[in-house]
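Below: the structure, in structure tokens.
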Amino acid sequence: MRRALVLSGGGAKGSWQVGACQHLIVERGLWFDVIAGVSAGAVNAATLAQARDQDELAAEVEHLRSVWLGLRGSNDIYRRRWLGALGTVLARRTSLYNAAPLRAILVHHIEPARVAASPIRLRVGYVDLLSGTYRTAGNDHPTIADAVLASCALPLIFPPVPLGDGHELGVDGGLRRVTPLADALRVLAEGRAPGDEPDEVWVLAPHAAGPIARPPLHNWLWVALRSISVLTSVPVSASGEPPGVDSPGTPAAVALRVLRPREQLRGPSLNFHPRKVRTWYEDGLETARRDADAAELPLEPELVREKAVEDGGRR
């Protein structure tokens with residue numbers, strides 16, 4: 001049986017996923033052949049995807065735990081630009097905050113050679129702001145840390161990240177896929193042979209069931225207009241499926257296991273206060289210990305069908 005891990009976005013609430021991984025990987029000893037993530041989930045996914053075996057995967061969970069619980073506050077992740085929104089407009093910047101601290105963390109903790117050598121198949125989702133297309137970066141992406149940073153780049157909050165020799169401007173993959181389940185299913189489908197035993201997919205979503213609110217979009221003008229265009233460019237039917245887009249389908253041989261908080265995690269997603277980060281981590285650990293055995297759900301089409309312009313992404 002092959003196993004995939006799907007990590008949603010959630011900002012500072014990504015620490016919740018690390019708590020859940022502490023139970024699944026360290027305490028239960030689960031191995032994941034595929035890991036897909038967007039936004040904060042991309043940070044966790046790329047770090048875990050450096051492992052070559054079960055022992056290294058458990059060590060990467062401890063690695064993530066030390067990084068998340070070692071944060072001293074939001075300044076360790078981003079810095080507010082001079083004069084805030086006014087400075088953003090006057091200086092024609094593309095964001096309110098500078099993400100240089102986050103980039104330094106990613107470069108320090110994600111080693112491209114280890115990701116490339118790992119048997120875990122990684123998928124990091126981001127959106128090209130120029131084309132509005134959802135794309136994925138895999139193990140062999142030449143600048144994987146930049147792809148992860150792009151996946152975290154909430155438009156207008158953080159600056160777009162140039163990728164592909166400047167031919168792309170990467171922003172938060174959550175604009176198209178808050179939960180990149182389709183990315184993981186697509187990788188599993190590529191390696192499936194007739195007669196294989198069912199695959200297992202674990203989804204760690206640090207938000208309780210219900211609609212996810214879109215972040216408010218405002219200033220700077222071009223990024224604002226382009227971001228709104230990306231969000232509204234695809235007409236979506238009542239079923240949630242964009243017309244003319246092929247879905248990976250509903251695989252018959254997949255056991256879907258979803259873990260999420262029983263109640264919404266209280267506090268802003270961009271608040272990296274140490275107490276909040278630890279509280280969310282502990283909630284993830286407690287939730288996984290309590291609910292993991294009862295987490296299996298039917299794989300419903302609406303969980304697979306993503307609001308994406310094209311089926312699949314660049315690898």
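Listing for the model above:
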item	result
Selected residue (criterion: nearest to P274 (Cα to Cα)) from residues of the range 4-39 that are of a type in the set (A, V, I, L, M) and open to solvent by 10 Å² or more (accessible area, probe 1.4 Å)	V26
Helices (runs of 4 or more DSSP H) fully within the range 95-177 counting 1 or more residues that are of a type in the set (G, A, S) and touching a strand residue (DSSP E or B) at 6+ places or on another chain (Cβ under 8 Å)	100-109, 144-152
The lone exception for D172 - which of (1) in contact with a Lys or Arg (Cβ under 7 Å, 6 or more places away or on another chain); (2) open to solvent by less than 30 Å² (accessible area, probe 1.4 Å) it fails	(1)
Residues within the range 164-201 that are more than 22 Å from A4 (Cβ to Cβ) and out of contact with any Asp or Glu (no Cβ under 6 Å at 6 or more places or on another chain), tallied	8
Residue match in the range 29-38 (condition: assigned to a helix (DSSP H, G or I) and either more than 14 Å from the chain's Cα centre (by Cα) or closer than 19 Å to P180 by Cα (or both))	no
L154 open to solvent by 40 Å² or more (accessible area, probe 1.4 Å) and touching a helix residue (DSSP H, G or I) at 6+ places or on another chain (Cβ under 9 Å)	no
Residues being crowded, with 16+ Cβ neighbours inside 10 Å, among the basic types (K, R) and modelled with pLDDT under 95 - total across the range 261-295	0
Tally of residues being buried (at least 24 other Cβ atoms within 10 Å of the Cβ) and closer than 25 Å to D283 by Cα across the range 185-207	5
Residue match in the range 122-132 (condition: open to solvent by 10 Å² or more (accessible area, probe 1.4 Å), under 26 Å from C21 (Cβ atoms), over 11 Å from the mean Cα position of the chain (by Cα) and not β-branched (V, I, T))	no
Pair list, Cβ under 7 Å, 6 or more apart: the range 280-292 residue closer than 11 Å to C21 by Cα, other residue at pLDDT below 95 and part of a helix (DSSP H, G or I)	none
Out of L69, L57, sole residue that is in contact with a Lys or Arg (Cβ under 7 Å, 6 or more places away or on another chain), open to solvent by less than 60 Å² (accessible area, probe 1.4 Å) and modelled with pLDDT of 95 or more	L69
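Residue-by-condition table, conditions (1) at pLDDT 95 or above; (2) hydrophobic (A, V, I, L, M, F, W, C); (3) buried (at least 17 other Cβ atoms within 10 Å of the Cβ); (4) touching a Gly at 6+ places or on another chain (Cβ under 8 Å):
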| site | (1), (2), (3), (4) |
| --- | --- |
| A49 | yes, yes, yes, no |
| V61 | yes, yes, yes, no |
| A85 | no, yes, no, no |
| T88 | no, no, yes, no |
| A91 | no, yes, no, no |
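The values are calculated or read from the model by the stated rules, or taken from the named source; none is laboratory data. For clarity, every value in this text was computed on a predicted model and none was experimentally measured. All Cβ positions, even for glycine, are placed from backbone atoms using ideal geometry, and neighbour counts span all protein chains on display. Accessible surface is based on the protein model in full, side chains and every heavy atom, while ligands, DNA and RNA are left aside. Shrake-Rupley method; radii C 1.70, N 1.55, O 1.52, S 1.80 Å.
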